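See structure below.
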Amino acid sequence: MVRLTAEQKQFYKDNGYILLKNLLSEKELSQVIDEYDKLFKRKNLETMENSWVGKNKDNRKSNSPYTVKGVHNLQHHHAVFGKLLYNDNILDALEDVMGTENILLHHTKAHFKPPEKGAAYPMHQDYHYFPYEKDSMVAVFLHLDAANPENGGLFVYPGSHKLGPQEDVGQRESNFHYVDQKKFPLEKATPVIAERGDIVIFSYLLVHGSSLNNSDRPRRMFLAQFASADDKPKGNQRQQPGYGLMVRGANLEKDAAISKRFE
């Protein structure tokens, strides 16, 4: 059992993110990494599900060799990823951060930044991809490699979650969502220095992004996003397979809706 201390809870409240260590055993982490590598090897023989192509200095898509490859819904590819969603240490930390034991899955994904050509990702808020009424959404970002600015690590604006939703500049300019890069430049963001196996939990309102990977090391990550079961999505959102899976607690809203149908 891994419960957050009062100081850790306050750090998350103040900053919108927290870095946690040793939530997974070496055996669990090695299994995840092994199946991750096998999955990306299989996917590279096909068309990747999604990829981000780097932009030039004018923030326009270019023919840059820089890229980030991605796969969604990993729990549908191998059981080890589904098992990870029920890890008690991660769920204990989530419960402390979210203030509820009623936690449901929104989606999972993995990104791979290849050595020497891993694209940077502009500063953004996940809010713009899937807004919720109560802003309960959080991300669990598992580092499968040590990460820092040299190999395309995570950058954050501590406390930016308190600013609420920012202007979605990316919607105007592309198919991606990102905030004003002049207001939130990567150069002024705080790098998250992480070791292999470290987990960052952060609010979907936190402004975050990542740097180029110009190193000779990959940057592999697994990410799962969760919401409180009593929160509701705004608008007409396309739900990923596995959405709504209860990983802890009960969905009382769902219980009430089902009961009403059979009255």
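Test of understanding: among S203, S215, which residue is among the small types (G, A, S) and under 12 Å from the mean Cα position of the chain (by Cα)?
S203
One line per residue, one yes/no per condition, for (1) at positive phi; (2) touching a helix residue (DSSP H, G or I) at 6+ places or on another chain (Cβ under 9 Å):
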position	(1), (2)
H111	no, no
Y132	no, no
G159	yes, yes
V169	no, no
Q181	no, yes
I193	no, no
L212	no, no
A227	no, yes
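For the range 166-195, name all the residues that are within 16 Å of G152 (Cβ to Cβ) and free of Cβ contacts under 8 Å to residues at least 24 places away in the same chain.
E187
Kindly establish whether Y243 is within 28 Å of D14 (Cα to Cα), under 16 Å from the mean Cα position of the chain (by Cα) and crowded, with 16+ Cβ neighbours inside 10 Å.
No: the conditions fail for Y243.
Taking the stated definitions as given, is M137 touching a Ser or Thr at 6+ places or on another chain (Cβ under 8 Å), of a type outside the set (F, W, Y) and under 17 Å from V2 (Cβ atoms)?
no
It is to be established whether one or more residues within the range 7-27 are crowded, with 18+ Cβ neighbours inside 10 Å, modelled with pLDDT of 90 or more and touching a Lys or Arg at 6+ places or on another chain (Cβ under 8 Å).
The answer is yes, given that some residue of the range 7-27 is crowded, with 18+ Cβ neighbours inside 10 Å, modelled with pLDDT of 90 or more and touching a Lys or Arg at 6+ places or on another chain (Cβ under 8 Å).
Mind listing whichever residues of the range 154-183 are of a type outside the set (D, E, K, R) and farther than 21 Å from V68 by Cα?
Matches in the range 154-183: Y157, P158, G159, S160, H161, L163, G164, P165, Q166.
Have a look at P115, P149, P218, P165 and point out the one that is in contact with a Phe, Trp or Tyr (Cβ under 6 Å, 6 or more places away or on another chain) and surrounded by fewer than 22 Cβ atoms within 10 Å (Cβ to Cβ).
Residue meeting the stated conditions: P165.
One line per residue, one yes/no per condition, for (1) in contact with a helix residue (DSSP H, G or I) (Cβ under 6 Å, 6 or more places away or on another chain); (2) modelled with pLDDT of 95 or more; (3) crowded, with 16+ Cβ neighbours inside 10 Å:
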residue	(1), (2), (3)
S51	no, no, no
R60	no, no, no
K69	no, no, yes
L85	no, yes, yes
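If I ask for residues that are more than 10 Å from Y178 (Cα to Cα) and either of a type in the set (A, V, I, L, M) or in a loop (DSSP other than H, G, I, E, B) (or both), which ones from the range 116-128 would you list?
Scanning the range 116-128 gives E116, K117, A119, A120.
Can you run down the residue pairs with Cβ atoms below 8 Å, 6 or more apart or on separate chains, where the first is in the range 235-263 and farther than 18 Å from M137 by Cβ and the partner is of a type in the set (A, V, I, L, M) and at pLDDT 85 or above?
Short answer, once both residue conditions are applied: A250/A229; L252/A229.
For the range 177-193, state whether one or more residues are in contact with a Ser or Thr (Cβ under 8 Å, 6 or more places away or on another chain), part of a loop (DSSP other than H, G, I, E, B) and either among the charged types (D, E, K, R) or surrounded by 15 or more Cβ atoms within 10 Å (Cβ to Cβ) (or both).
yes
Hey, any hits in the range 212-224 for a residue that's closer than 16 Å to I18 by Cα and in contact with a Ser or Thr (Cβ under 9 Å, 6 or more places away or on another chain)?
Checked the range 212-224: at least one residue is closer than 16 Å to I18 by Cα and in contact with a Ser or Thr (Cβ under 9 Å, 6 or more places away or on another chain).
In the range 194-235, how many residues are of a type in the set (G, A, S), closer than 20 Å to Q181 by Cβ and not in a strand (DSSP E or B)?
1
The values are calculated or read from the model by the stated rules, or taken from the named source; none is laboratory data. Source: prediction; values computed, not measured. As a convention, Cβ positions derive from the backbone with ideal geometry for all residues, glycine included, and neighbour counts pool all protein chains shown.
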